[in-house]
Structure formats: structure tokens, C-alpha cells
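Written out below as C-alpha cells is the structure these notes cover.
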Number of protein chains: 4
Amino acid sequence: MPQSISFIGLGIMGQPMALNLVKAGFPVTVFNRTRRKAEPLERAGARVASSPAEVARDADVIISIVSDTAAMEEVVCGKDGILEAIRSGAVLIDSSTISPTVSRRLACQLAAKGASMLDAPVTGSKHGAEKGELTFMIGGEREVMERVLPVLKVLGKRHIYCGEHGLGLAAKLAMNCILATTVEIFSEGFVLATKAGVPPETLLEIMQSSLARAAIVDFKAPFVFKGDFTPYFPLKLMHKDLELAMEAAYAQNVPMPATAAVKEVYAGAKAQGQGDRDYAAVITFLEELAGIQVRVAPAP
Amino acid sequence: MPQSISFIGLGIMGQPMALNLVKAGFPVTVFNRTRRKAEPLERAGARVASSPAEVARDADVIISIVSDTAAMEEVVCGKDGILEAIRSGAVLIDSSTISPTVSRRLACQLAAKGASMLDAPVTGSKHGAEKGELTFMIGGEREVMERVLPVLKVLGKRHIYCGEHGLGLAAKLAMNCILATTVEIFSEGFVLATKAGVPPETLLEIMQSSLARAAIVDFKAPFVFKGDFTPYFPLKLMHKDLELAMEAAYAQNVPMPATAAVKEVYAGAKAQGQGDRDYAAVITFLEELAGIQVRVAPAP
Amino acid sequence: MPQSISFIGLGIMGQPMALNLVKAGFPVTVFNRTRRKAEPLERAGARVASSPAEVARDADVIISIVSDTAAMEEVVCGKDGILEAIRSGAVLIDSSTISPTVSRRLACQLAAKGASMLDAPVTGSKHGAEKGELTFMIGGEREVMERVLPVLKVLGKRHIYCGEHGLGLAAKLAMNCILATTVEIFSEGFVLATKAGVPPETLLEIMQSSLARAAIVDFKAPFVFKGDFTPYFPLKLMHKDLELAMEAAYAQNVPMPATAAVKEVYAGAKAQGQGDRDYAAVITFLEELAGIQVRVAPAP
Amino acid sequence: MPQSISFIGLGIMGQPMALNLVKAGFPVTVFNRTRRKAEPLERAGARVASSPAEVARDADVIISIVSDTAAMEEVVCGKDGILEAIRSGAVLIDSSTISPTVSRRLACQLAAKGASMLDAPVTGSKHGAEKGELTFMIGGEREVMERVLPVLKVLGKRHIYCGEHGLGLAAKLAMNCILATTVEIFSEGFVLATKAGVPPETLLEIMQSSLARAAIVDFKAPFVFKGDFTPYFPLKLMHKDLELAMEAAYAQNVPMPATAAVKEVYAGAKAQGQGDRDYAAVITFLEELAGIQVRVAPAP
């Protein structure tokens, strides 16, 4: 059982994850670039550090979840970064969705200091983070994963070992390609049928009772039908994940023609100003061109 | 209740559909271009006609399910076609997946003879056809649909009214865009992750327990993992439906960038000789390029 | 030398083509759906007919250039169409850009009446039509082409025999795929570089002095740089030709992934209301998303 | 006039470029990872160094042209890299095609040492390198460019100033998107027309006499028609440049749907084993699927 845990990155996901660790009784030190976001954790009993190095100095386990590859490189390799201070034997669990290539390089740099790293991106959204019900996709040494399982079990209910360094990220990126494309093709199909004159709720009823049923469509369709694009997962982050997936495809020498096309539709929606809305807002890009909206009046 | 029913097109779907009508006690006359395929129906008690015109002459209700738009135009407008002989007051229920534009034109031509037409494509595969559990997506006049419901209820358990002529087809094409794309993006995601080193069954487990879950993937993945591409729905027909969807998108002035990209992957797989296998064989196009196969050894 | 020539379709191209035939001394009968457009020809000495059948009745050679496949089917097979009246031995030269499949079928129907057909789409724009400097891409029997060369030589300066029925159209569609894509990729490249900060005239200078030089870019860039999208060839017609090319690709079992992607960008621009402007207006679709314009202030 | 010049990267382009500098009378020190490739330069009178640092130590001007972003980062920031030894006041001219973002970062790092950097990618192929007729697209400070013009004039005949750091690369990437797409769409168009039955030389003749004429097609077509894919510019490098362009598009928030689609066709051709052949070999990807080859028998 680790003596002390550090947490870096207190965004939409990181905030509730860190809080769950505090509530579980772990001594927790936190760091966030914008210090203000650390206040709720401080009130809950966490210690607040002023740099990743300070956070790393005494930690057995460090968990990070930051916004992109560059931010994670800065956290680890930058001035006052983790690399300067991490102890031999410590473990860095990175739950950020970043480039698998960079993640593997960071794991090497940490190994040179005697520390270990797991890439452990999550699925389950803010809701799952709050309830401690996330799913972790884990890459790195299995033995290291098993060592930190007591910590991971506070944060999630499924911890799936995917293989060596980078494979947790590979699984996450493959999954997000599938999610992004499912939501985009739902948009194309519903815009086409709606413009032709089929009521969207009728098409949804047909789909739901067929093999075309998709869980993400069950979840998103009611929001789309109301035009409610409050972000569960912001479109700009899905676009970023598609970019990472295409980089991985380049590295693996795998053609991804549909992902490539879908990424450019998200690029269009982001360029149109939809980046901070939910990624289901990708439909608005097609709706605007088609001159119709896929909306359903609420039942009276 | 109709006095007599005619059935045109005794392929994979038509054969069991016609048989169910005979079993339900209707007097059934059948026609198929290749006469040999009519023999099982003849043995079951159906009368075999030698042209669409002959089939149409005495029928209250005619059901057709043929392979493509050109075949349907020939059946209706060709020499000895339905138009030459259909009675005023009769109803043609066309369950073929064809061009909505052409379907609407055929409906006009029949209307000029006092007959009605419904576009009523189905979903549910051969299995659903055998069990009388198909879902019908129906376009045309609602009153006409209600009139022939006793017949349709023998063939399927869901009959969803989509709107005016062509909208049954519009719904079907939107749905097949979604199905074709879901299977293709599953292929891209799994080829990428598998080549990186993630075991496919691990990725499937992650997806199945997440919002990325899709019913068609639940159904197809076990076959893909065995390399079994026995056709439930042949790839060349899915490619044809994507072509019809793109024609509809052109007619409706709706951009469909993902569907367009996906169609060319199916075109590639078809050009590679996969046209007669199940459409899940689209994965082999990517597998061959990636130099790996998404296979799972059976549990011992 | 033909005794009499008929001309169907007096649009942007047809008008000057028919006029050149009158000026060359041929007895010319013309037909246009909107009669008003025939007036300039009438003033120049042409006879105006009231239907394609009337036009066809006495003609040795009929030339047609109409807007799309459906219009051409109507002209040939519709009520008072060419088929009802064409003489045995007459030749129909169709310069419309239509479906090769439909064109081949029309050629068969005419052959059954003892008449011949050539598919003879043109390149060279309104300017070339006025000067009699069009290039014809010709499909059909070579002997028939040679028989009508005296007429074709009035209209154009190059007459390239491409092979059997439909191959003039196949060549034209391949060429328009290339033109449409060249203009679209010029747009992508220039929007990217301009947004980064490279002056467009600098990039054009680099391209013009390199192997990336394209004649269509030399021609279109000055108009784009001024934001002048006066139609030489309307975007909606280029979009139609891309649709025809994709249909031909489907028929030939040839994957066309770039053409497919480019078509959807034109679809987007058309949906945005650019259909009647020059097809170079496809750039505005990307410009609007990128939030910049590829413009160059005129030299003082 | 610089006292001494260093040159890093003696590949297909670097070899003749360095040789021209020696011939022009400059004292030249060279470095290449594989020492053997430095031998021709040594015989010609260049000094051979054993690391980028050694090369940098006494140089007024350093020219680099290496294969990719990672190689350039290693050359500048790695152990015994340029950063360790470059003099204040020296200039690094990087003619590699690498990430503009990384290039800008390297320029910052050099500035911190008092040195300057220009991104100066070239066009003109091996041939242009040999003859000293390259075109340079230059980003960085104009004053720095003017200072090193005497050196650049030995290597090329055109030196086009594109703007601040990274804009030479932005121009180069835009240009290569256009080149890659032109060659790919030529492939699609010619495969479609050839399969339909149009002789490729006929289609080329039509194109060459029209606005569809492209200089790169004039250059590549004769090689394609012979099936000769000896590399002028290897397909894997064009694929890399498309990847860099897509990264730049992501950074600039510019959708690039055609470039995205074209990149995946190059990815397919590379995955098929065409990476080391000329990038015109992208056509073989489509030819194999279409089951035909775009070849022309030599005139007897």
C-alpha cells in the first residue's frame, strides 16, 4: 500500500479523481498549473505543491491527467519537472490521452531514474470519475500495474491490461476513432434522412430495434434532438484524439481512410467554433450545410 | 383481406418470404427470372407464372424484392412487365433496396393505371425473413399501408411508416450507411490496435463495456475473429447501397464525407474479390495492407 | 457534306456553337426548351422548331448539348422526342456531359431505328465555343465520326477519337475529375499557407517556377486572388460531373478515394449556395472555415 | 563572405549540394551519420567531422538537410549536437522538410545561443541539386537570409523569402500537398479511363492540349506509361510530407479533406511495399485493385 500519492492535473476528470483518493484516506499532494483549481482539494485535506518536481519528491505513486502531449512533456521533462525529483521505485500513472510514441519515450526517461511509468488512459466521463467507476486501459509492465492496483481500484472499477508501454493509449485511440466515427456517421445518416422527410425519431426507433443500434447513439440522440451540446467530452479534444490516432496510424503504417475523412469533419466543426461544445455538435456542421436541423419536438 | 398475392424475386430473402405467405394460407403466384428457383415454392403449393405481367394480372397485392434498380425497372416497365397488366386498385409492395428517385417514378407510373405502390425495404436478414420477423420501413400512402397490413404481418413484426413515397428507402439507406461505416471503422480501429500489439479480444472487452458498444460489432466480431466471412449480407450489395445513398445525398444536396470515404474502402475490397463474402470482409482490405490479421485463437 | 443540320440545347455553349454552323452556311434548325433563347439564332437565319421530333425529322446530323442525363433522355426518348422521328442514316452527335451508361443505351435505341450516335463531349469553355476552337472527345464508330468531321470542324479544332460508345464521355469525366481536384487542392494548399502567413502571390510564384505548375491554376489564380467567381463553368455542373465520374467508377469497379473526398467538398460549397458561381468558388468553403481569404491586393 | 561552411546530411540531395560548395572554393566541413557517404566529399577536398558539434564549432554557416523531424532534433539538441558548440553570430540553414512547429522551436533554442536559423526547404530534385539550380523557400529573418545569399546562390537560382520562421516550410508543405494530389488524381483518372477502354496516350494528348495540363504529369506520365518507378522522390518521403502537412493543418485549424484522403492512398501504397519507389508508384495501388495497368507500348 503506497505511503503517499501525488496528483497532477485538476481538470474536469482530475478534480473528482483526486478527491476520491483523499476520501479513501490516502495522503495526497496535488499540483495544477492554475493554482485556483487546487483549492477544493486543499479544503478536502490535500497538500498543494507548487511544481511537478515538488509533487514528485516524496511520492510513491504519481497520477497525471493533463490536456495534451506538450503539457505532459513539460510536466515530466520541463524545468521543475517530475524527472528532476522522482524517486527510484516510484510509479507514474499517466491517464492523459497523449501520443503513444512520446509516452514510450517518457517511460524510458523515467526508467533511467529507476522509476516506472504506466500509460493508463480512461473511459467513463466526468460521471464515472466522480463515482470511481472509470475503466482504465493500461500499458506498461504488468507487475507494476498490479503493485498500484489498490490505488487504481479507488478510481475505477475496470482495469484492463493491454500490454507493453503505449498499448493502453493504442487501445484508447482505437476506441475514440470508433466513437468519433459512430457519432459522425449518425449525423450524416440522420441529416440525409431528415432532409428527405423521414422524422428523426422514426429513424431512431428503426435503428434501436436493429443491429444498427449503438450505445453512444442511444446516449447522444436525445441531446441532439434537443439541440443540447453541453460538453460531456469537448469536440476539440475528440479532434485532438483523432489527430493522435492518425499519428499512430502513420507510425504503424496502417491506412485509416474513414478516420481521416471523419477527422476533417471535426476539423470543420472546430473551425466553425464548435470546439468547446460536446463532440456531438459535429452534426451542426452538416446541418448548416444541409439547411435543416435534426430536432424533435418534445412530446406534449 | 386480399384474395390473391403475387411474389416477384425468389432470392435469399424472397424465397422464405414467399413461403411464409403460402404457409399462411394465401393463394400465391410467384415469378423469378431463373425459373429453377421457383421450384420449392411450387412444391409448397404456389402457382408459377412466366412473366411479371402474368403475375400481376389477377393479383390484389404484388410483393417484389429484386437485386437492383435496373432489375426493378425491368420488372415494372419492361416487356411483359407489371405495368402492362396490373389491375386498378392493386398494390405493389416493393421490398427491394433501389434508388428512391426511380421508386418514386415507378409509383407515378402505377398511379396512372389506378394502382398503388409502397416502397417497403426490410431489415432483419435471411433469418428474420424465415421467421417472419422482418422490420419494414414503409413509404407511400398510409391508408394503402394499412390496407395491406394483414399481408405484411405475415412477413414481419414491425412495420414503420416513414412518410411519402421514397421515404422507406431513405430510411433504409441512412441505416445502411451507418451499418457499413460502423463495420468499417471497427475494422480500422482493430487493425490499428492489433498491429500495435493490443489483443483484439481485449479491445473488444473494453468496447463492450463502454459507450462504444455497437450491436453490429457484437454480432460480427466473433466471425471476424475466426476469419469466417460466410455472407449474411454480401459486400457487393452493401457497396451498392452506399452508392444509392450517395446518389440520394447528391439529390438532397447533403454532403456525406465519411460515407464517401467508406464507400471507396468497400470498392477496394470488392475490387479485391470480396464482393460475394459478408460485408465484414471489408476488414481484409485493411488487414492485407497492414500485414496482420485480427484473429483470436479459440479458447482451449 | 450534310444537307441539313439540327441543333438542340442553346445554353452557354450551344448558343455560339449553333451560330457558328449558321455562319458556315449550313441550313440549321434549332430547338430549345425555353423558346426565347432561340431568338438570336432565328435572327441569324436558323429555323426554329417546336420539339426534338420536329428538329430530327429532316436532319442528316443532329447536335445536342443539354444540361444533364435526365434532359438528354427526355430529348431522345420522351414524347415528341428524337426517337419518334429520326431518319435511318442520320447521326446524333451528343456533346452533353451525361452518364456513359445511359449514353450507350441511347445509342442502342437509335441503332434500332437505323441511326447512329456519337458521344462527343467538349472542352474549351464558352470562349472556345465562340471561336470554333473546342476539343471534342469522341466515342462511337470511327467511320461515323469521319462522316461528320466537316461539321465538327466548324465547331472545334481538335477531334480526338477515344474508342467505342461511351469512351468520349469516359475521357471527359476522367479529365474533369482531374480539373476539379486540381482546383480543390490548390484551394487547400493556398488556404493552409495563407493562414500560416505565406503571401499567396509568393506561393504562386514558387509553384509557377516548379513542377507543381498547373495550367488551370495559372488561369484561375488571378480570379481567386481578386475574389472574382464569375462562372466560366458553374460549380454545380462540376459537382454533377464528379457525381457522373463516381457512377462510372462504380460501374467500372475502380476505387476513387480522392475524387470521392473532393466531390463532398464541392457538395459542401454547393450546399453553401455557391452552385451558380465558377467552380473555383470551392475555395470559399475552406476560406470560411479557416477564417481567412486568399486574396492579393492589386499592384498599385 | 563566410570564412567557413559546414554541411550536415549527405543523402541524395546533400551530396551534390555540398560538392557544389567545395567546387565554389569554400572551405567545407561535412558530417554524415554513415561516415562512408562522406568519402566522395573528402576526396573532393572537404574536411570530415565526427559529430554535429564538431562541424558547428568553427562554422560561420551550417547547412543541414536530413531525413525527418526526429533526425533534425537529434542533430541540433542531441548529445554532441549543434547547440553544444554553435558560435554566436553563426547561421544554421536547414533545408530539411520537417515540422514547422519543431523548426520554430529549434530557431528559439539557437537564438538563445546568439545564433540564427533559417528554414530553407528546396524544390528541384537531385538534378537541380547537381546543377545548382534549386529553388529555396525561406523562413526567418530577411536580414539573415541576405547575409547568407552568397552561399545560397551557389546552391540554387531562386531564393524566395516567405516570411518569419516556419514559413519556408509552410510553403514547401503546401506545394507538396499539391504535387502529391496531382499525381494521385492523375492516377485515379487514368485508371478509370483506361479500364473503360480509353487509350492512356489519347487521354494524355487531350489533357496536354487543355487547361488540365500539369507540369508534373508531363514529367511523370512517360515513366508511368513504361512502368518505371525509379525514385526521383521516394514515395515514403512524400507520405511523410503529407503527414507533416496534416500536422500543420491541425495546428492552423484548417480542414484539408482532399489531402487527408490522398495521404491514405499513399499510406496504402507504402504499406504495399512501394515506399522506396518514386511517388508516382501510388498508381500501382489503384492499378492492382482495378486489375489493369496504365501502360503504353513504345512506338515501333
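The values are calculated or read from the model by the stated rules, or taken from the named source; none is laboratory data. All figures in this text were calculated on a predicted structure; none of them were measured in a lab. No Cβ is skipped: glycine too gets one built from the backbone with ideal geometry, and neighbour counts run over all protein chains shown.
Things to note:
- Any hit, region B:236-246, residues being in contact (Cβ under 8 Å) with a residue 12 or more places away in the chain, touching a Pro at 6+ places or on another chain (Cβ under 6 Å) and among the hydrophobic types (A, V, I, L, M, F, W, C): no
- Going through (1) more than 10 Å from every other protein chain (Cβ to nearest Cβ); (2) farther than 30 Å from residue A:242 by Cβ one by one, residue B:201 falls short only on (2).
- The residues in region D:1-54 that are β-branched (Val, Ile, Thr) and free of Cβ contacts under 8 Å to residues at least 40 places away in the same chain can be counted, and the count is 6.
- Number of positions in region D:28-49 that are in contact with a helix residue (DSSP H, G or I) (Cβ under 8 Å, 6 or more places away or on another chain) and farther than 30 Å from residue D:243 by Cα: 9
- Any hit, region D:284-297, residues being in a helix (DSSP H, G or I) and closer than 27 Å to residue D:126 by Cα: yes
This table checks each residue for (1) at the interface with another protein chain (Cβ under 8 Å from one of its Cβ atoms); (2) of a type in the set (Lys, Arg).
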{"site": "A:234", "(1), (2)": "no, no"}
{"site": "A:248", "(1), (2)": "yes, no"}
{"site": "A:266", "(1), (2)": "no, no"}
{"site": "A:270", "(1), (2)": "yes, yes"}
{"site": "A:280", "(1), (2)": "no, no"}
{"site": "A:290", "(1), (2)": "yes, no"}
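- Check on residue B:44, closer than 21 Å to residue B:128 by Cα and more than 23 Å from the chain's Cα centre (by Cα): yes
- Which listed residue is in contact (Cβ under 8 Å) with a residue 40 or more places away in the chain, outside any loop (DSSP other than H, G, I, E, B) and within 9 Å of chain D (Cβ to nearest Cβ), from C:193, C:180: C:180
- Inclusion of residue D:123 among residues that are modelled with pLDDT under 95, closer than 17 Å to residue D:166 by Cα and surrounded by 20 or more Cβ atoms within 10 Å (Cβ to Cβ) is warranted.
- All positions within region C:250-261 that are in contact with a Lys or Arg (Cβ under 7 Å, 6 or more places away or on another chain) and either more than 8 Å from every other protein chain (Cβ to nearest Cβ) or surrounded by fewer than 24 Cβ atoms within 10 Å (Cβ to Cβ) (or both): C:252, C:253
- Test: residue B:230 is under 21 Å from the mean Cα position of the chain (by Cα), within 11 Å of chain A (Cβ to nearest Cβ) and of a type in the set (S, T, N, Q): no
- Members of region B:130-164 found to be facing chain A (nearest Cβ under 10 Å) and of a type outside the set (Gly, Ala, Ser), listed by number: B:135, B:136, B:137, B:157, B:158, B:160, B:161, B:162, B:164
- Note on region C:221-243: residues that are among the hydrophobic types (A, V, I, L, M, F, W, C) and crowded, with 24+ Cβ neighbours inside 10 Å amount to 4.
One line per residue, one yes/no per condition, for (1) under 20 Å from residue A:53 (Cβ atoms); (2) over 20 Å from the mean Cα position of the chain (by Cα):
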site	(1), (2)
A:81	yes, yes
A:85	yes, yes
A:92	yes, no
A:101	no, no
A:112	yes, yes
A:128	no, no
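- Qualifying residue in region B:166-175 (condition: more than 20 Å from residue A:195 (Cβ to Cβ), modelled with pLDDT of 95 or more and under 27 Å from the mean Cα position of the chain (by Cα)): no
- Only helices (runs of 4 or more DSSP H) whose full extent lies in region B:204-274 are considered here, and the ones with at least 3 residues that are under 15 Å from residue C:254 (Cβ atoms) are B:235-252, B:257-269.
- Selection of region D:246-262 for residues being within 26 Å of residue C:175 (Cβ to Cβ), among the small types (Gly, Ala, Ser) and under 21 Å from the mean Cα position of the chain (by Cα) yields only D:260.
- Just so you know, in region D:204-227 the residues that are touching a helix residue (DSSP H, G or I) at 6+ places or on another chain (Cβ under 8 Å) and basic (Lys, Arg) include one that is nearest to the other protein chains (Cβ to nearest Cβ), and it is D:213.
- Taken over region B:152-170, residues that are farther than 17 Å from residue B:125 by Cβ and either polar (S, T, N, Q) or part of a helix (DSSP H, G or I) (or both) amount to 7.
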